[in-house]
Structure formats: C-alpha cells, structure tokens
Amino acid sequence: MSEHGGLPDGWTQVPLHEVAEIRTGIAKGKQGLRDPVSLPYLRVANVQDGYFDLDEVKTIAVERADVERYSLKAGDVLMTEGGDFDKLGRGAVWGGQIAPCLHQNHLFVVRPKAGVLDAHYLSALSASAHGRAYFMACAKRSTNLASINSTQLKAFPVVLPPIEEQRAMSRMFGVWDEAIALHERELERLRKEKLALMQDLMSGRRRVPPGRMLLEEHAGA
C-alpha cells in the first residue's frame, strides 16, 4: 500500500491545480467593446452530468483579442460553479462540437496536463462519491442552491492512478455509459408506447376484450 491514505501502490493524491489548468469564463453584459465579435458560448444549462445539451447555444460579444483566452479546446472538462445541490461540480468533456466556442463565467474549464490526467477520468471522479463529498463539504449554500469558487476547485483532491490505468477506467466507464444510454432510449420508447395505448383505450379507438391483455402485443410492436 502507498503512503497516501491507503491508496494502491503507484497511486497518489494531489490538488487539482498541480495536474490541470483551471480557467474562468467570460462575463455577460460587458460594455464599450472596441473590436467585438459575436461567437457561440456555453452556459450552465448546456452542461449536464457527463454530456452537453447543445439544442440551444447562444452567442456573446467578446473582444477579438480575448477569443483565444476564452475558447474551448477538445479535451477540456467543463464544471459548473453552482446550482442545485445535485448539479454542483458536475462535469463533461468537451469534444470540439462547435468551434470556436467560448464559455461563461459560471463555468470552470479544467484543462488536464497531457500524459498526467485523463479528462474522462477526471469527469468521472468529480461525479463520484469522492467528488460529490468534497464539493458538498466546501460549498457555499443558500436555500436549495450551492456554489464553489476557483480556489476550492483548485484544491480538489485528485486520486491519481497511473495514466494508462486512468485511460482503461475511462474506456470501461464509456462502455457502461453507452449501455445506460441504450436502455434509457428503450425505456423512453416504452413510455411513449404506453401513453399512446392509454390514449387509444381511453378514447375508445381501441377496445380491450374482457380477460385479454394487450401488453405483449403492444410492447412487441
């Protein structure tokens, strides 16, 4: 066993700022821009737990000279500054779906050091019991909301296996994510089938003979 609180040999634990760059985003409503350009940017609503919702991506005016500073790169991990307790610190790995694309100041961008920290592993770690416990312990709370600041994020204790082991974990998590997504799609299909059946039956468009069940017939359609 290692010296870091019973971690396996070859593993360590370090603050996030030692293995990644933490970047803050652009604030809305800046006035008096001298050479502005309007570009798409991500808001908190776009960052879900492990994925991005890009159905509505808004634009923001920014100084042309600041575009590089606030632009996302593939492999960046986006984490939310605050929101509902269950959303605190949630993260997703940016894949370069939109380029260029900026990010607002309520989102942190974590840029892992190549060959040291795997982005997908970090995203999973932040969503794990380890990550949730840390963010909830240090968060500033008000009513049903919570928030963290960049200092707290920089201090996030990263459990750090060797990079190849991180990547192997990420691949395994990816397989599970695909299986979960498949089952969720099937569950949604079944819900829609049930609603359609309910509408047909309750409107009289379809009748159920006494003693007959339509579940197998309908679910297999």
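Rule-based calculations on the coordinates, nothing more; no lab input. Fair warning: this is a prediction, and the values are worked out from it, not measured in the lab. With ideal geometry, Cβ positions are generated from the backbone for all residues, glycine too; neighbour counts draw on all protein chains shown.
Note on the chain: along the principal axes its Cα atoms extend 69, 58, 36 Å, ordered by decreasing extent.
Around the amide H of D53, modelled in the peptide plane, lie the amide H atoms of V47, Q48, all under 5 Å away and 5 or more residues distant in sequence or on another chain.
Taking 23 Å as the straight-line reach from the Cα of K140, the lysines in range (excluding those fewer than 8 positions away in the same chain) are K28, K87, K154.
The peptide list 125-136, 47-58, 170-181, 71-82, put in order of mean Cβ contacts within 10 Å with the highest first, becomes 71-82, 125-136, 47-58, 170-181.
Helical runs assigned H by DSSP (4 residues or longer) give the chain a calculated mean residue ellipticity at 222 nm of -10500 deg cm²/dmol, each run adding -39500 (n - 2.57) before division by the residue total.
Before anything else, pin down the relative contact order of segment 12-161: Cα pairs under 8 Å, at least 6 apart, normalised by residue count, whole percent.
It comes to 33 percent, rounded to a whole number.
Among D200, D118, the ranking by other beta carbons within 10 Å of each residue's beta carbon, starting with the fewest, stands as D200, D118. Peptides 8-18, 186-196, 100-110 ranked from most to least packed by the mean count of surrounding Cβ atoms within 10 Å: 100-110, 8-18, 186-196.
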